[in-house]
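Undergrad: Please read through the structure below; I'll follow up with questions.
The values are calculated or read from the model by the stated rules, or taken from the named source; none is laboratory data. On a predicted model such as this, the values are computed, not experimentally measured, just so you know. Virtual Cβ from ideal backbone geometry, glycine too; neighbours counted across all protein chains shown. The protein model used for the area step is the full one, side chains on, heavy atoms only, and it has no ligands, DNA or RNA in it. Shrake-Rupley method; radii C 1.70, N 1.55, O 1.52, S 1.80 Å.
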Amino acid sequence: MEHNVIEMHHIIKRFFEGQENELQILNGIDLTVEDGEFLSIVGESGSGKSTLMNLIGLLDRPTEGTYFLDGIDVNRASDADLSALRNKKIGFVFQTYNLIPRMNALKNVEVPLMYGGVSRKERQEKAVELMEMVGMADRMDHKPEELSGGQKQRVAIARAMANDPAIILADEPTGALDSKTGHMIMDIFHDLHENHGKTILLITHSETLANETGRIITLMDGRVINERIMGGGTDAS
Amino acid sequence: MLRENILLALESLRLNKMRAILTMLGIIIGIASVITIMTVGNGLTKGVADAMQSLGGNNISVYIEEKAPLEEEADMETGEEPVFGEVEQTYGMTDDDYFTAEMIRDLCAHYPDQIQAISVEEGIGTIECNYHNKSEAANLTGVTAGYFYANNLTILRGSYFTEEDLDRGSNVVMISDQFAESLFGDIDTAIGATFETMIEDKNLEMKVVGIYEYQKDTMMSSLIMGQGDTAQIYTPLLAARNIYGQESGNQYYWFDVVTKQGVDSESFAQTIQEYLTDTYYRDNPNIQPSAFSMSSVVDEMSGVMGKVTLAISAIAAIALVVGGIGVMNIMLVSITERTREIGTRKALGATNGSIRTQFITEAIIICLLGGVIGIVIGSVLGMIATAVMGALSGPTPFSILLSLGVAMAVGIFFGYYPANKAAKMNPIDALRYE
């Protein structure tokens, strides 16, 4: 039963619409991501990859075009629906980790579960499980400021996995890490992809990292200019 | 979720202790002043009520007053209280104008279920009491059978005047335990003893038939009724009148009705006034009877006190507005500092509503904490103040609930704008905020 996690048709995004400084960032993107894929989007800064990621992550709405996330027509969703969809369908991993200070690692992992309305007991059990999965079982009560960059990113990945999302959106996840730690993070993504069947979309400007994924989409000036299928990380089906 | 919001708010307060305390200060001062004022106001009201009660809260005073010319009637409503035992005589009173013993008896016969006793007292003045070589000044008052009922006096030794004493006007007295000790040395010697006194050139012998317990005045009752007299001694009304040579012992300007348990003294006062007017004073062109209950006076005073207290509290509550602005200010700073957190939460699925709730909860927690501290401080100050006034009282549940409610309302009101600002943040900008 094949179905596509992401189906985007002719996506256009303009800013300052109707004003003098109107700016068109995305010029008609078509993108399809199958369930279980591990793919990457690469491009120089200014190519529109951040804007595309915001649209995919439902943080923003396209100006034109259609977008189906896990079969749901996103254009018809209300703001509250978008919040719920972000909560259930998308797992964000940011370059800057974006853990919530003042909360310990375990509580951070519980946040998406809390917004998803999971009971206190259940979400604690689930969060412990996820922390064990990313190898952070011994640091659950540490505050973000007490963790190293790699540890923080592992907590962030555990958090992204909390509601078992349809897709993990990783925006330059190793950008702030040294290469050794960066490899460890990439290994976690590979593990999630291969052993848990997760769909992962990696946004990066690094060709090296992109080469580890199954498909590479290159953006330039708001258009897809190249698409390569790689041998290594093809879909798990 | 509420639990998380509360824990989160407490945690961020804990991390910024100094800031939290300074922010709360306005709320603390506002609530503390309101609680102090309300406690003191309540203490005063209670003190007054207690004092009035001890003076006979269910008594009805019945007196005669001059009919007011029509244009002054409104003024009479709020006019001065009549001085007990006196009537303003702007025209010559005739014998027909006074209450008589027959009228009083008739009144009692007409309302046997309501009237417990009738009390009349007439102050005679200061007399010099001589016993052996000792001499003490005392204040003599003539009273009737109902007096001890009306004034809640406790008899320690002997008994109250007998019917015979009252009817004949015997020269017998009741004195206080304190006076007994100062004149006779101790109360056992005093009971049954006789002292001499000189009134209007007549040398009289007064026999002590009873000793009552002197009740120490509370600060409140002495404020209202003046300093009580330890040397207050009582004699039958008729005896007092005989001493002063008033042949006609059958005129009263004023008497007290002691009501039976469960009688609504306020409406009964009205009933008495109407009965006496209809029966005896319908045709009197100058004089009308009037009756008022002590409890109506207490109610009136309590009402006025309550209003004054509320008015002063409202002024104190201005501090709360200032405090609220402080809370709003700190909340605005807080959401700017936590822009990234807000963006992250939105990315993780927080709706605008849940972000708003989170920050309003934080504002409410600050205000409630400040409120609780203010209530504690205000209660202590109020208790100290009322203790100094001799009517120790704590804050009422009403004032505590009111303060908590107001603190919460301040939190919601001043927290809403910052919280809404946070809720409406664009998640993309918020996530990138440095």
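Undergrad: Where a ≥ b ≥ c are the square roots of the eigenvalues of the C-alpha gyration tensor, would you call the range A:1-88 rounded, which needs a/c under 1.5, or, failing that, prolate if a/b is larger than b/c, or oblate? If you can, show how the numbers build up before the last one.
TA: Values: a/c = 1.99, a/b = 1.35, b/c = 1.47.
It comes out oblate by the Cα gyration axes.
Undergrad: Sorting A:Thr199, B:Thr100 by accessible area (1.4 Å probe), largest first, what list results?
TA: Working: A:Thr199 0, B:Thr100 35 Å².
From most accessible down to least: B:Thr100, A:Thr199.
Undergrad: What residue among B:Gly390, B:Gly415, B:Gly353 shows peak mean-square fluctuation when chain B is described by a Gaussian network model with Cα springs under 10 Å?
TA: Of B:Gly390, B:Gly415, B:Gly353, the Gaussian network model singles out B:Gly353 as fluctuating most.
Undergrad: In whole Å, what are the extents of chain A along the principal axes defined by its C-alpha atoms, from largest to smallest?
TA: Cα spread of chain A along its principal axes, largest to smallest: 51, 41, 39 Å.
Undergrad: Give the relative contact order (percent, whole number) for chain B; include only Cα pairs under 8 Å separated by 6+ residues.
TA: Working: 728 pairs, mean separation 129.8, N = 434.
Computed value for chain B: 30 percent relative contact order.
Undergrad: What accessible area, in Å² to the nearest ten, does a 1.4 Å probe give for B:Cys108?
TA: Here the accessible area works out near 40 Å².
Undergrad: Further question on the same structure: Using alpha carbons only, how many degrees (0 to 90, rounded to 10) separate the axis of helix A:79-89 from the longest principal axis of chain A?
TA: 60
Undergrad: If you don't mind, another one. Consider just the alpha-carbon atoms of the protein assembly as shown and return their Rg together with their Dmax, both in angstrom.
TA: Cα radius of gyration and Dmax of the protein assembly as shown are 44.4, 136 Å respectively.
Undergrad: Here is a follow-up. DSSP loop (so not H, G, I, E, B), at most 15 other Cβ within 10 Å: list which trypsin sites (Lys or Arg not before Pro) in the range B:327-434 pass both filters.
TA: Working: sites: B:Arg338, B:Arg340, B:Arg345, B:Lys346, B:Arg356, B:Lys421, B:Lys424, B:Arg432; in loops: B:Arg338, B:Lys424.
Sites meeting the loop and neighbour criteria: B:Lys424.
Undergrad: Give the accessible surface of the protein assembly as shown per residue, rounded to a whole number of Å², with probe radius 1.4 Å and ligands, DNA and RNA excluded. Show your work: numbers first, answer last.
TA: On the way: 31710 Å² over 671 residues.
Per-residue accessible area for the protein assembly as shown comes out at 47 Å².
Undergrad: Need one value: the accessible area of B:Val388 in square angstrom, 1.4 angstrom probe, rounded to the nearest 10.
TA: Number for this one is 110 Å².
Undergrad: How would A:Thr174, A:Thr66, A:Thr208 line up by accessible area, probe 1.4 Å, largest first? If you can, show how the numbers build up before the last one.
TA: Numbers: A:Thr174 20, A:Thr66 55, A:Thr208 105 Å².
So the residues, ranked largest to smallest area, are A:Thr208, A:Thr66, A:Thr174.
Undergrad: Which is the longest stretch in chain A that no exposed loop site breaks, taking sites as GluC sites (Glu not before Pro) with a DSSP loop state and at most 16 other Cβ atoms within 10 Å? Walk me through the numbers before you get to the answer.
TA: Details: sites that count: A:Glu2, A:Glu17, A:Glu20, A:Glu22, A:Glu44.
By the stated rule (loop sites, at most 16 other Cβ atoms within 10 Å), A:45-237.
Undergrad: Please report, in whole Å, how far the alpha carbons of chain B spread along each principal axis, starting with the longest.
TA: So the three principal-axis extents are 106, 56, 36 Å.
Undergrad: Same structure, new question: At 1.4 Å probe size, put B:Val327, B:Val380 in order of accessible surface, largest to smallest. Let's see the in-between values first.
TA: Details: B:Val327 0, B:Val380 80 Å².
Of B:Val327, B:Val380, the descending order of accessible area is B:Val380, B:Val327.
Undergrad: If each of B:Val333 and B:Lys202 carries a label point 7 Å out from its Cα toward its Cβ, how far apart are those two points in nm?
TA: 8.6
Undergrad: I need the helices of chain B that pass two filters: whole DSSP H segments spanning 27 Å or more by Cα along the axis, and mean Kyte-Doolittle score no lower than -1.0. Walk me through the numbers before you get to the answer.
TA: Details: long enough: B:17-54 (52 Å, 1.08); B:294-316 (33 Å, 1.09); B:318-337 (29 Å, 1.91); B:352-389 (54 Å, 1.63); B:397-423 (36 Å, 1.19).
Those that pass (Cα extent of 27 Å or more, hydropathy at least -1.0) are B:17-54, B:294-316, B:318-337, B:352-389, B:397-423.
Undergrad: Determine the total buried accessible area between chain B and chain A, counting protein heavy atoms only with a 1.4 Å probe; round to the nearest 100 Å². Working shown, then result.
TA: Details: alone 22430 and 11550 Å², together 31710 Å².
Summing both sides, the interface buries roughly 2300 Å².
Undergrad: When all protein chains stay in place, what accessible area (Å², nearest 10, 1.4 Å probe) is found for B:Met305?
TA: 50
Undergrad: Further question: Using label points projected 7 Å from each Cα along Cα→Cβ, tell me how many nm separate B:Asn250 and B:Asp113, to one decimal.
TA: 3.2
Undergrad: Take the solvent-accessible surface of the protein heavy atoms, probe 1.4 Å, and return the percent of it on chain B that carbon and sulfur atoms account for. Numbers along the way, then the final one.
TA: Working: 12130 of 21270 Å².
That fraction is 57 percent.
Undergrad: For the Cα atoms of chain A, what angle does the longest principal axis make with the long axis of helix A:179-196, in degrees from 0 to 90, nearest 10?
TA: That helix lies at roughly 90 degrees to the long axis.
Undergrad: Next question, about the same structure. So if I restrict to the alpha-carbon atoms in the range B:343-434, what is the Rg, and what is Dmax, the biggest pairwise distance, in Å?
TA: 19.6, 65
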